[in-house]
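**Q** Sharing a structure, written as structure tokens. Questions coming.
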Amino acid sequence: MTKRMKLIIRVNEQAGSEEFYKKSQHLGLLAVQCFREEQERHRSQMTGLENIAETTLKVTDVLDYIKKQTAHQREKQGQREQQGWKKKVGANGELFGQVLKEDIETGLDSFINKVCENFINSTTDEGKQERQEVHLLLIRQLIRQLVVRYEYEMSLIEEKAKR
């Protein structure tokens, strides 16, 4: 088996772990709470996030997209109520954009380390590039899972509204 195939298997094992799944599901629920009011507009933002993650070759491109979306501030009928990526939601008043950014920057470190452990020498230039690839592959998995959770929860909300 090639090293690339082993790498993909190791990434998928981490992405399938209970801890990783809980992280992605939590992010998906935060997204629902943030974007519930303007479903169509924000559905396209989730699709945009997924597209960036799937097509880019750099972690920083994903982070830049999240920062850009988080920087946008909207006012609701003249009030200074935050919406979307900056809306405070969840039990702790979390900001979806900020939590997602932090998870991508540092929250995936333990998963990256587990994939690379005894497999990638992170001290060489080649190893550093492979570690970046692992990071990007895990970001893609995280975003796929959170978008699926978002879509699922939004479909439940839409079904309830039809009744």
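**Q** Kindly evaluate GLY93 against the criterion of being over 13 Å from LEU7 (Cβ atoms) and not β-branched (Val, Ile, Thr).
**A** Values: over 13 Å from LEU7 (Cβ atoms): yes; not β-branched (Val, Ile, Thr): yes.
Yes: the conditions hold for GLY93.
**Q** Considering only residues that are open to solvent by 60 Å² or more (accessible area, probe 1.4 Å) and among the basic types (Lys, Arg), look in region 1-36 and name the one that is nearest to VAL99 (Cα to Cα).
**A** For region 1-36, the residue satisfying everything is LYS22.
**Q** When you check HIS42 against the structure, is it in a helix (DSSP H, G or I), at pLDDT below 85 and either within 24 Å of ASP109 (Cβ to Cβ) or of a type outside the set (A, V, I, L, M, F, W, C) (or both), yes or no? Break it down into steps so the answer makes sense when it comes.
**A** Numbers: in a helix (DSSP H, G or I): yes; at pLDDT below 85: yes; either within 24 Å of ASP109 (Cβ to Cβ) or of a type outside the set (A, V, I, L, M, F, W, C) (or both): yes.
Considered against the rule, which asks whether it is in a helix (DSSP H, G or I), at pLDDT below 85 and either within 24 Å of ASP109 (Cβ to Cβ) or of a type outside the set (A, V, I, L, M, F, W, C) (or both), HIS42 comes out as yes.
**Q** Consider only pairs whose beta carbons are under 9 Å apart and that are at least six residues apart or on different chains; among these, list those whose first residue lies in region 125-146 and is within 17 Å of GLU19 (Cβ to Cβ) and whose second residue is open to solvent by 10 Å² or more (accessible area, probe 1.4 Å) and of a type in the set (Phe, Trp, Tyr).
**A** Correct list of pairs: GLN145/TYR21.
The values are calculated or read from the model by the stated rules, or taken from the named source; none is laboratory data. What you are looking at is a predicted structure, and each value in this text was computed from that prediction instead of being measured. Here the Cβ is made from the backbone with ideal geometry for all residues, glycine too, and neighbour counts use every protein chain on show. Note: accessible area is taken over every heavy atom of the protein model, side chains too, but ligands, DNA and RNA are not part of it. Shrake-Rupley method; radii C 1.70, N 1.55, O 1.52, S 1.80 Å.
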